[in-house]
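Participant: Sharing a structure with you now.
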Amino acid sequence: FPHALLAGTTHDTKRSADVRARIGVLAGMAERWSELARGWRRLNEPLRSEGAPSWGEELLVYQTLVGAWPLSPERLVSYLEKAVHEEKRRTSWVDPDPVWDSAVATFCRGLFEHAPFMEELVPFAAEIAPLGEQASIGQLVLRFTSPGVPDIYGGDELWYLALVDPDNRRPVDWDRRRDVVAHLLAGGEHDRETVKLWAIRQLLALRGRRPDAFADGYEPLPASPGTCAFRRGEVVVAVPVRGLVPEFDRPQGRWADVLEGIGSSLGGYSPCVLEPA
């Protein structure tokens, strides 16, 4: 489906693309994450009541905190309320269990006041955040260069750590985004906060310059197991799936990387999108 919509976030996404990218990082450290989460379960035992939350619900709480940190207790409680009702195991919208619902909400709020837990959560979330940003940019580059029509959800031009509605329908700070665009148009450098919008502008400009390259399919290029590489007409794409720098057979010729310098804002993570120089 070469003209299908390629969406990372929508009005009904349960967790935005940036949140999912952070949570996806946990899959690459499964043993460590399992040990950490089970340790948190023991640490937070005093906060549970009436058997709530269940282990599955509690694990969802921890994933959500790491994926969307920093967030307020109100946002977490609102997200869990919807999640446990739609899970339909102990409570639901049709047949609610007020005691269970209250116990889950109390647990969530209690976490923010539980200093031993926060002392472990905050530095771990800070460690995961830049890795999630790297994964998110990699996915964004693929979304803007793969066959299909890339979509940008309102607000997703900068880092967008949103959960399900109404969280993902909060007012967008368009003034901030206009300021960033003006800064970039004036020749300003991107940084960790603005690199996503910079990459979007670079890739949209490329599509505008070379529409024929994005009209048809793609040709896979030889690459290491840690790199996704392909060619679309006169455009070459190489995205590290593992590691920081793509390893692939670069076609002969003179090329210009439209994402040159992106690694300075992403801890060295450097996907490349090449066009003829």
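Residue-wise test of (1) among the hydrophobic types (A, V, I, L, M, F, W, C); (2) open to solvent by less than 30 Å² (accessible area, probe 1.4 Å); (3) modelled with pLDDT under 95; (4) under 23 Å from the mean Cα position of the chain (by Cα).
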position: ALA215; (1), (2), (3), (4): yes, no, yes, no
position: ARG232; (1), (2), (3), (4): no, yes, no, no
position: VAL239; (1), (2), (3), (4): yes, yes, no, yes
position: ARG242; (1), (2), (3), (4): no, no, yes, yes
position: PRO251; (1), (2), (3), (4): no, yes, yes, no
position: ALA256; (1), (2), (3), (4): yes, no, no, no
position: GLY267; (1), (2), (3), (4): no, no, no, yes
position: PRO276; (1), (2), (3), (4): no, no, no, no
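Participant: If you don't mind, there's one more thing I want to ask. Does the stretch 155-163 contain any residue that is modelled with pLDDT under 95 and either among the hydroxyl-bearing types (Ser, Thr, Tyr) or surrounded by fewer than 17 Cβ atoms within 10 Å (Cβ to Cβ) (or both)?
Facilitator: No, every residue in the stretch 155-163 fails to be modelled with pLDDT under 95 and either among the hydroxyl-bearing types (Ser, Thr, Tyr) or surrounded by fewer than 17 Cβ atoms within 10 Å (Cβ to Cβ) (or both).
Participant: Within the stretch 265-277, how many residues turn out to be hydroxyl-bearing (Ser, Thr, Tyr) and without any contact (Cβ under 8 Å) to a residue 60 or more places away in the chain? Working first, answer last.
Facilitator: First, the residues of the stretch 265-277 that are hydroxyl-bearing (Ser, Thr, Tyr): 265, 269-270.
Then drop every residue that is not without any contact (Cβ under 8 Å) to a residue 60 or more places away in the chain, which leaves 270.
Summing the residues that are hydroxyl-bearing (Ser, Thr, Tyr) and without any contact (Cβ under 8 Å) to a residue 60 or more places away in the chain in the stretch 265-277 gives 1.
Participant: Are there any pairs with C-beta distances below 7 angstrom linking a residue in the stretch 188-201 that is closer than 17 Å to GLY155 by Cα to a residue that is of a type in the set (Asp, Glu) and loosely packed, with under 12 Cβ neighbours inside 10 Å, with the two at least 6 apart or on different chains, and if so which?
Facilitator: none
Participant: Restricting to the stretch 175-190, name every residue that is open to solvent by 70 Å² or more (accessible area, probe 1.4 Å) and not hydrophobic (A, V, I, L, M, F, W, C). Explain how you work it out, then say what you get.
Facilitator: Our first condition is that a residue be open to solvent by 70 Å² or more (accessible area, probe 1.4 Å); within the stretch 175-190, this holds for 175-176, 178-179, 183, 185-186, 189.
Within the stretch 175-190, ASP175, ARG176, ARG178, ASP179, HIS183, GLU189 qualify.
Participant: Within the stretch 62-79, does at least one residue satisfy the condition of being modelled with pLDDT of 95 or more, closer than 30 Å to CYS228 by Cα, assigned to a helix (DSSP H, G or I) and open to solvent by 30 Å² or more (accessible area, probe 1.4 Å)?
Facilitator: Checked the stretch 62-79: at least one residue is modelled with pLDDT of 95 or more, closer than 30 Å to CYS228 by Cα, assigned to a helix (DSSP H, G or I) and open to solvent by 30 Å² or more (accessible area, probe 1.4 Å).
Participant: Exactly one of (1) in contact with a Ser or Thr (Cβ under 9 Å, 6 or more places away or on another chain); (2) in contact (Cβ under 8 Å) with a residue 40 or more places away in the chain is unmet by VAL61. Its number?
Facilitator: (1)
Participant: Can you find, within the stretch 23-45, the residue that is modelled with the lowest pLDDT among those that are out of contact with any strand residue (DSSP E or B) (no Cβ under 9 Å at 6 or more places or on another chain), within 21 Å of GLU133 (Cβ to Cβ) and assigned to a helix (DSSP H, G or I)? Don't jump to the end; show me each part of the working.
Facilitator: First, the residues of the stretch 23-45 that are out of contact with any strand residue (DSSP E or B) (no Cβ under 9 Å at 6 or more places or on another chain): 24-45.
Applying the additional criterion that residues be within 21 Å of GLU133 (Cβ to Cβ) yields 24-30, 32-33, 36.
Going one step further and asking which of them are assigned to a helix (DSSP H, G or I), we end up with 24-27, 30, 32-33, 36.
Values: GLY24: 96, VAL25: 97, LEU26: 96, ALA27: 93, ALA30: 96, ARG32: 97, TRP33: 98, LEU36: 97.
Taking the candidates together, the pick is ALA27.
Participant: Just to be sure I understand the filter: pairs with C-beta atoms under 8 Å, separated by 6 or more residues or on different chains, first member in the stretch 34-50 and closer than 17 Å to PHE112 by Cβ, second member open to solvent by 40 Å² or more (accessible area, probe 1.4 Å) and of a type in the set (Asp, Glu). Which pairs pass?
Facilitator: Here the result reads TRP40/GLU120; LEU43/GLU120, each pair linking the stretch 34-50 to a residue that is open to solvent by 40 Å² or more (accessible area, probe 1.4 Å) and of a type in the set (Asp, Glu).
Participant: Could you run through the stretch 126-154 and say how many residues are of a type in the set (A, V, I, L, M), surrounded by fewer than 17 Cβ atoms within 10 Å (Cβ to Cβ) and closer than 20 Å to PRO240 by Cα?
Facilitator: Result for the stretch 126-154: 0.
Participant: Checking ALA103 against (1) out of contact with any Pro (no Cβ under 8 Å at 6 or more places or on another chain); (2) within 19 Å of TYR62 (Cα to Cα), which single condition isn't satisfied?
Facilitator: So the condition that ALA103 fails would be (1).
Participant: Follow-up. Only one of these conditions is not met by GLY8: (1) open to solvent by less than 40 Å² (accessible area, probe 1.4 Å); (2) outside any loop (DSSP other than H, G, I, E, B); (3) small (Gly, Ala, Ser). Which number is it?
Facilitator: Evaluating GLY8 over (1) open to solvent by less than 40 Å² (accessible area, probe 1.4 Å); (2) outside any loop (DSSP other than H, G, I, E, B); (3) small (Gly, Ala, Ser) leaves (2) as the failure.
Participant: Which one of these is without any contact (Cβ under 8 Å) to a residue 40 or more places away in the chain, surrounded by 14 or more Cβ atoms within 10 Å (Cβ to Cβ) and at negative phi: HIS114, HIS85? I'd like the intermediate steps shown before the answer.
Facilitator: Numbers: HIS114 fails: without any contact (Cβ under 8 Å) to a residue 40 or more places away in the chain.
So the residue among HIS114, HIS85 that is without any contact (Cβ under 8 Å) to a residue 40 or more places away in the chain, surrounded by 14 or more Cβ atoms within 10 Å (Cβ to Cβ) and at negative phi is HIS85.
The values are calculated or read from the model by the stated rules, or taken from the named source; none is laboratory data. In this text, all values refer to a predicted model and were calculated from it rather than measured experimentally. All Cβ positions, glycine included, derive from the backbone under ideal geometry; neighbour counts span all protein chains shown. What goes into the accessible areas is simple: the full protein's heavy atoms, side chains included, and nothing from ligands, DNA or RNA. Shrake-Rupley method; radii C 1.70, N 1.55, O 1.52, S 1.80 Å.
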